[in-house]
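The values are calculated or read from the model by the stated rules, or taken from the named source; none is laboratory data. All of these numbers come straight from a predicted model, not from anything done at the bench. Here Cβ is always computed from backbone atoms with ideal geometry, including for glycine, and neighbour counts include all displayed protein chains.
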Amino acid sequence: MPSDKKARPEIFKCQKCGDCCKGYGGTFLTRKDIKTIAEYIGTDPNTFVATYCQLSGDKPLLAQGPNGYCIFWDKICTIHSVKPRMCREWPFIKSVLVDVKNWHIMAGLCRGMRTDVIDKTIKTCVREERKKMKSSNDGIQLGCGFRVVGCEIRVAGLKRR
């Protein structure tokens with residue numbers, strides 16, 4: 001039976017290039033991000049902030065390595081399964097809903113973002129993706145099509161969530 005609902009175009013496909021992980025501007029961290037990443041790498045939150053973060057005002061953001069990339073980028077995100085909220089939301093961020101020009105600006109830095117669709121479609125897709133992320137009860141929706149579903153992984157004696 002045909003559906004009246006048109007399929008939405010895929011407006012973002014991660015190229016796993018790391019371009020979104022480079023450049024100053026910072027990935028701000030929530031308390032939950034700090035706690036989760038610290039646990040994942042086997043340290044406590046205070047040590048994590050002191051070792052892996054920079055402060056912007058009084059807000060912690062992930063530090064960058066000498067190459068300008070996030071300190072956790074090594075040709076792939078080494079904390080992908082617990083990456084911060086800002087990274088999970090990319091590129092479906094709130095500012096696109098405020099002004100769709102933000103999508104076009106970001107697309108200038110991200111080859112995985114399409115700009116050959118009308119602005120209304122971009123806003124609709126961003127709104128729907130944000131809704132999915134917010135209402136997901138069976139795990140955390142991550143960018144690049146990955147999903148964490150309350151699993152535990154043990155690697156080299158570290159307990160990772």
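Summary of computed values
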| read-out | value |
| --- | --- |
| Condition broken by Pro9, with the remaining ones in (1) under 24 Å from Ser135 (Cβ atoms); (2) in a helix (DSSP H, G or I) satisfied | (2) |
| Condition broken by Ala38, with the remaining ones in (1) buried (at least 16 other Cβ atoms within 10 Å of the Cβ); (2) assigned to a loop (DSSP other than H, G, I, E, B); (3) of a type outside the set (Lys, Arg); (4) out of contact with any strand residue (DSSP E or B) (no Cβ under 9 Å at 6 or more places or on another chain) satisfied | (2) |
| Breaking point among (1) of a type outside the set (D, E, K, R); (2) at pLDDT 95 or above; (3) over 18 Å from Lys22 (Cβ atoms), for Thr78 | (3) |
| Selection count where residues are in a loop (DSSP other than H, G, I, E, B), among the β-branched types (Val, Ile, Thr) and over 14 Å from the mean Cα position of the chain (by Cα), scope the range 89-110 | 1 |
| Matching residues, the range 23-33, being surrounded by fewer than 20 Cβ atoms within 10 Å (Cβ to Cβ) and hydrophobic (A, V, I, L, M, F, W, C) | Phe28 |
| Some residue of the range 111-134 being of a type outside the set (Val, Ile, Thr), assigned to a helix (DSSP H, G or I), free of Cβ contacts under 8 Å to residues at least 24 places away in the same chain and touching a strand residue (DSSP E or B) at 6+ places or on another chain (Cβ under 7 Å) | yes |
| Conditions (1) surrounded by 18 or more Cβ atoms within 10 Å (Cβ to Cβ); (2) within 28 Å of Glu129 (Cβ to Cβ): number failed by Phe48 | (2) |
| Residue within the range 86-99 that is in contact with a helix residue (DSSP H, G or I) (Cβ under 8 Å, 6 or more places away or on another chain), surrounded by fewer than 17 Cβ atoms within 10 Å (Cβ to Cβ) and among the acidic types (Asp, Glu) present | no |
| Every residue from the range 58-88 that is over 15 Å from Thr27 (Cβ atoms) and part of a loop (DSSP other than H, G, I, E, B) | Asp58, Pro66, Asn67, Asp74, Lys75, Ile76 |
| Residues within the range 112-146 that are exposed (fewer than 12 other Cβ atoms within 10 Å of the Cβ) and either over 21 Å from Gln15 (Cα atoms) or modelled with pLDDT under 50 (or both), tallied | 9 |
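This table checks each residue for (1) at pLDDT below 95; (2) farther than 22 Å from Arg130 by Cα; (3) in contact with a Phe, Trp or Tyr (Cβ under 6 Å, 6 or more places away or on another chain).
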{"site": "Ser3", "(1), (2), (3)": "yes, yes, no"}
{"site": "Lys22", "(1), (2), (3)": "yes, yes, yes"}
{"site": "Ile41", "(1), (2), (3)": "no, yes, no"}
{"site": "Leu55", "(1), (2), (3)": "yes, yes, no"}
{"site": "Asn67", "(1), (2), (3)": "yes, yes, no"}
{"site": "His104", "(1), (2), (3)": "no, no, no"}
{"site": "Cys110", "(1), (2), (3)": "yes, no, no"}
